[in-house]
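Okay, so here's the structure we're looking at.
Values quoted throughout were computed directly from the atomic coordinates according to the rules given, and no laboratory measurement underlies them. Here the structure is a predicted model, which is why all the values come from computation and not from measurement. Using ideal geometry, Cβ is built from the backbone for each residue, glycine included, and neighbour counts are taken over all protein chains shown.
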């Protein structure tokens, strides 16, 4: 039991507390219509946390709770291939007074930063970042993103100060 608790603490510390914050301020969108933001987002690319390093068909779904400040987060992907085991994770999001700034809770009582750093006007593409520049997620309302848009989003992520050698494009089956 002590070994298991120690492992959970070590993994949690690695996710939430062992990075330094760059001096460059991370961009943040000025406005988020939270209701419009809810729904399915396909993870197109990411600097992944340990559980999603080999994700395929990754989809994150947000559902707003009645209080308007808490979000149920449902994340699923196939581990290691299109036809491999489906992994599902649930967490909670807590929206601050600024709807572009959230805290995500995977394991109580720890919360992680979640910052909407880019959001297209039509709510089709988003970049979720962290001030520590350790993880980032490029997501879309569609499982596929054309190469020109993808390259443009990669440029935005690089300009935020991320190590682009760590960015991984997430494979998705073409649904057409």
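Between residue 54 and residue 121, the FRET efficiency estimated from the beta carbon spacing at R0 = 30 angstrom works out to 0.35.
The modelled label-to-label distance between residue 144 and residue 174, using points 7 Å beyond Cα along the C-beta direction, is 0.5 nm. Compute the FRET efficiency between residue 92 and residue 152 as 1/(1 + (r/R0)^6), taking r as their Cβ-Cβ distance and R0 = 25 Å, and round to the nearest 0.05. Efficiency, rounded to the nearest 0.05: 0.20. Per-residue ellipticity at 222 nm, computed for the chain from helices alone with -39500 (n - 2.57) per DSSP H run of at least four residues, works out to -5500 deg cm²/dmol. Starting from the Cα gyration tensor of the range 19-76, take the square roots of the eigenvalues, sort them a ≥ b ≥ c, and report rounded, prolate or oblate (rounded when a/c is under 1.5, otherwise prolate if a/b is larger than b/c, else oblate). Judged from the Cα gyration tensor, the range 19-76 comes out oblate (a/c at least 1.5, b/c at or above a/b).
Suppose R0 equals 25 Å. What FRET efficiency, 1/(1 + (r/R0)^6) with r the Cβ-Cβ distance, do residue 107 and residue 72 give to the nearest 0.05? Approximately 0.95, to the nearest 0.05. Comparing 126, 73, 32 in a Gaussian network model of the chain where C-alpha atoms under 10 Å apart are linked, the largest mean-square fluctuation is found at 32. Largest GNM mean-square fluctuation across 161, 39, 68, computed for the chain with C-alpha springs under 10 Å, falls on 68. Remark: relative contact order (the chain) = 26 percent; criterion is Cα-Cα distance under 8 angstrom and separation of 6 or more residues. Each part reduced to its alpha carbon centroid, the range 52-102 and the range 107-176 end up 13 Å apart.
How would you classify the range 81-176 from its alpha-carbon gyration tensor, with a ≥ b ≥ c the square roots of the eigenvalues: rounded for a/c under 1.5, else prolate if a/b is greater than b/c, otherwise oblate? Oblate is the answer for the range 81-176, as a/c is 1.5 or above yet b/c matches or exceeds a/b.
Comparing 133, 36, 141 in a Gaussian network model of the chain where C-alpha atoms under 10 Å apart are linked, the largest mean-square fluctuation is found at 36. What shape does the chain take by its C-alpha gyration tensor, where a ≥ b ≥ c are the square roots of the eigenvalues and a/c under 1.5 counts as rounded, a/b above b/c as prolate, and the rest as oblate? It comes out rounded by the Cα gyration axes.
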